[in-house]
Amino acid sequence: MRRELDAIFRPESIAVIGASSRKNTIGRELLHNLITAEFNGKVFPVNPKASVIHSIKSYSTILDVPDAVDVAIIIVPKEHVNAVARQCGEKGVRGIVVISAGFSEVGREGKKREMELLGTVRKYGMRMIGPNCFGVVNTDPDIRLNATFGKTFPDHGRLGFITQSGAMGEGIMSMAKQLGIGFSIVASIGNKADLSSNDMLEYFKDDPNTDVILMYMENFGNPRKFTQIAREVSKVKPIVAVKSGRTTLGAKAASSHTGALAGLDVGVDAVFEQTGVIRVDTVEELFDVAMALSKQPVPKGNRVVVVTNAGGPGILATDALISSDMQMPSLTKATVKKLQEHISAEASFANPMDMVAGAGGREFKITLEAVKKDKRYDTILPIFVPPVTIDPMDVARSIHEALEDTDKTVMAAFFGAFGEGMRSNAIDYLKDRGIPTYWFPEAIAKVLSRLDRYRQWRDRPRPKFRKFKVDSARVDEIVNAAIAGGDKQVTIVGDEAIQILQAYGIPAAGYRYASSAKEAVEVAEAMSYPVVMKVNTPTMLHKTEAGGVIVDLRSDKEVRQAFRELEQRVKDSVTTDEPFTVAMQEMISGGIETVIGLTTDPSFGPLMMFGLGGIYVEVMKDVAFRVHPLSVQGARDMIQTIRSYPLLTGFRGAPPVNVATIEETLLRLSQLVGDFTCFDEIDINPFIVSPDKDKCKAVDARFIIQTG
């Protein structure tokens, strides 16, 4: 990938096809940007109507250029792009960047035009950025490539940036320049007809000039490939992503709990969670995280010390940090004793360390030099609010002098230390010396929370997958029998669904059937009380909601009464010629209801789900999703990340449930999904868990197969 893409991002010669001398045209502005950025290579304008452009000799076609050309920037009407690309191929050009629009983004005709262009690119073994893109940038002083038509050439830095939106690319580069954030390479990939985000991730992984990767994404080209690549890249370089498109007005209704809970964005969250990608919600947060990663190391842990000259901001910082799962250990006695010799007695010798309003550069330096030696802390957070009597620059210098040799992560917050236009010499001073500085501490708390989650993911061992001995032949029989009728959608419920679970070693309460009240009593006595009775015919997808389940039956009389009651409910609500029967199970009591399932996302494929179960699954929606296949750590994460996890580990004196059984059940279901790709949706609801492993069982299940 490096060799292929170096022609685009590290070229020695460029042709601008569609270069122009008319101001305010893309052809003119892009050529102008190449020149003003002082591109360290040859530039060949191509325009059949001009002999000289921008004081540089112009050529009628790329074929007329006498020298070899590494990359061609194409800015011609959409109807001519393919012909120009063909000429580039004949010339031996290795890469093209197609700025021209009018392709798949405009509909069917544009898509056809794009596929023809892609065919030409592949015929000649070229690589292509675009079409419909903003261009590419490389700030390396040895390259200085600005092949865009924007107004900003970003500062040199070690952040790689991938954007699907040219406008967002220009906006982010402009804002980054104001914030002192520099880039190594910027790639506006447009329609991604050839080179995609996945290709760029592979390129950045091996790029020695890139330490951190930023992404603005609107969609995934190949989510499964992204998962594979991003997981590898994140281990060595942080990836920070803004993914737009969180909502939709036209979401298709799903027939199962799992499908209904898997909204538009859960697949994205699951992929990012499993690959270590740091997802941010806004572009502002993208800058916050980028500034931290570009200037400081990822913290070694989640322990933070706050040093401030104002109580209010210290309290705000504390609330935000604790709410973000950070820890704030107290100062050691030795540190306090040392500080009391130099800091005002009115100070609060705690964490946050409030030196009171009179504290200036001297006090900040003394305190920071003391806390940086304390092994209790991974991050140091100085907060300064400038009183009239204190010079912000003096404080900024003291912060830098005190902390320039620390291996701890440092992030600062300066309240109100601004001049005109919200600029601050003190803030700029710190940023220029590698200390990311924010206006408010809440932003820092969010950044630290995200970085800590990334650190935990990065430091994990590689995922492990378990394989169980199962009876796949029995499942094959059930599936083949179910689809034999030729229906486009097949639902497997009842005893056959339970048998599928049991074939894969998933504990489940088996069914026995009865077609009369007398037979129901006989079944109940054979099972031993208490029992549960459910409507078996007609088939009901959501039995509880339809009043088709009666639980905790403890006597023959209750069983007979329940049979008659369910039979009457069916007659009142459903017209059917089928003979009425019930399914009966042992009553699993003393446990917590959970739900385990699967839904198939059109982009991401199978998504595994776990959460609080029973009738509460749709009300509380306390669920976690992961992309299939599920690793041992992935199963554990699913269980631990739901909000109701404390209920499983023992709450207010209750004994903890057998979490290991839940974990194994998720892994066995993952194996089932991998072995039988025909399942579109699966619901195991409820799966009852209790402290006793023998009482952890699935009570009901449903498998949906889409054959059409």
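The values are calculated or read from the model by the stated rules, or taken from the named source; none is laboratory data. Keep in mind it's a predicted model, so treat the numbers as computed, not measured. Every residue, glycine among them, receives a Cβ derived from its backbone with ideal geometry; neighbour counts consider all protein chains shown.
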Notebook entry, point to check: So which residues in the range 312-344 are under 43 Å from the mean Cα position of the chain (by Cα), over 20 Å from K300 (Cα atoms) and of a type in the set (D, E, K, R), if there are any at all?
Noted result: D319, K333
Checklist line | Residues of the range 124-147 classified as part of a loop (DSSP other than H, G, I, E, B) and either surrounded by 24 or more Cβ atoms within 10 Å (Cβ to Cβ) or not aliphatic (A, V, I, L, M) (or both), total | finding: 12
Notebook entry, point to check: Here is a list of conditions, (1) surrounded by fewer than 22 Cβ atoms within 10 Å (Cβ to Cβ); (2) under 30 Å from D155 (Cα atoms), and S323 meets all of them except one; can you say which number that is?
Noted result: (2)
Item checked: Filtered residue count, the range 364-376, keeping only those that are under 22 Å from G312 (Cα atoms) and touching a residue at least 40 places away in the same chain (Cβ under 8 Å) -> 4
Checklist line | Subset tally (residues that are out of contact with any Gly (no Cβ under 9 Å at 6 or more places or on another chain), in contact (Cβ under 8 Å) with a residue 40 or more places away in the chain and not aliphatic (A, V, I, L, M)) for the range 89-113 | finding: 1
Check: Considering the range 426-454 alone, what residues qualify as being closer than 30 Å to E232 by Cβ and assigned to a loop (DSSP other than H, G, I, E, B)?
Finding: G434, P436
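Conditions (1) over 25 Å from the mean Cα position of the chain (by Cα); (2) among the polar types (S, T, N, Q); (3) more than 30 Å from I322 (Cα to Cα), marked per residue:
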{"position": "F414", "(1), (2), (3)": "yes, no, no"}
{"position": "L430", "(1), (2), (3)": "yes, no, no"}
{"position": "T437", "(1), (2), (3)": "yes, yes, no"}
{"position": "A445", "(1), (2), (3)": "no, no, no"}
{"position": "R455", "(1), (2), (3)": "no, no, no"}
{"position": "D459", "(1), (2), (3)": "no, no, no"}
{"position": "K469", "(1), (2), (3)": "yes, no, yes"}
{"position": "A473", "(1), (2), (3)": "yes, no, yes"}
{"position": "V523", "(1), (2), (3)": "yes, no, yes"}
Next item on the list: Any chance you could count how many residues in the range 652-680 are at pLDDT below 95 and touching a Gly at 6+ places or on another chain (Cβ under 8 Å)?
Entry: 2
Margin query: Here's a check for you: in the range 171-212, which residue that is of a type in the set (D, E, K, R) and not in a helix (DSSP H, G or I) is surrounded by the fewest Cβ atoms within 10 Å (Cβ to Cβ)?
Written below: D206
Notebook entry, point to check: Looking at V395, V385, which is the one that is hydrophobic (A, V, I, L, M, F, W, C) and within 36 Å of the chain's Cα centre (by Cα)?
Noted result: V385
Item checked: Single unsatisfied condition, T544 versus (1) at pLDDT 90 or above; (2) under 39 Å from the mean Cα position of the chain (by Cα) -> (1)
Notebook entry, point to check: Scanning the range 345-373 for residues that are part of a loop (DSSP other than H, G, I, E, B) and hydrophobic (A, V, I, L, M, F, W, C), which turns out nearest to the chain's Cα centre (by Cα)?
Noted result: A350
Margin query: Checking the conditions here, which among A347, A334, A370, A357 is of a type in the set (A, V, I, L, M, F, W, C), surrounded by fewer than 24 Cβ atoms within 10 Å (Cβ to Cβ), in contact with a strand residue (DSSP E or B) (Cβ under 8 Å, 6 or more places away or on another chain) and over 29 Å from R158 (Cβ atoms)?
Written below: A347
Margin query: Quick check on this structure: which one of G160, G150 is in a loop (DSSP other than H, G, I, E, B) and either touching an Asp or Glu at 6+ places or on another chain (Cβ under 8 Å) or among the aliphatic types (A, V, I, L, M) (or both)?
Written below: G150
Notebook entry, point to check: Right, I380: surrounded by 14 or more Cβ atoms within 10 Å (Cβ to Cβ) and assigned to a strand (DSSP E or B) or not?
Noted result: yes
Note to self: Anything in the range 63-83 that is touching a strand residue (DSSP E or B) at 6+ places or on another chain (Cβ under 7 Å), surrounded by fewer than 24 Cβ atoms within 10 Å (Cβ to Cβ) and more than 15 Å from E12 (Cβ to Cβ)? List them, or say none.
What the structure shows: V76
Item checked: Wholly enclosed helices (runs of 4 or more DSSP H) of the range 455-534 bearing at least 3 residues closer than 30 Å to V233 by Cβ and either among the acidic types (D, E) or at pLDDT below 95 (or both) -> none
Margin query: Quick check on the range 98-113. Is at least one of its residues among the charged types (D, E, K, R), in contact with a strand residue (DSSP E or B) (Cβ under 9 Å, 6 or more places away or on another chain), in a helix (DSSP H, G or I) and assigned by TED's automatic domain parsing to the domain that holds G27?
Written below: no
Item checked: The listed residue being within 39 Å of the chain's Cα centre (by Cα), hydroxyl-bearing (S, T, Y) and either surrounded by fewer than 16 Cβ atoms within 10 Å (Cβ to Cβ) or modelled with pLDDT of 95 or more (or both), out of S104, S13, S60, S51 -> S13
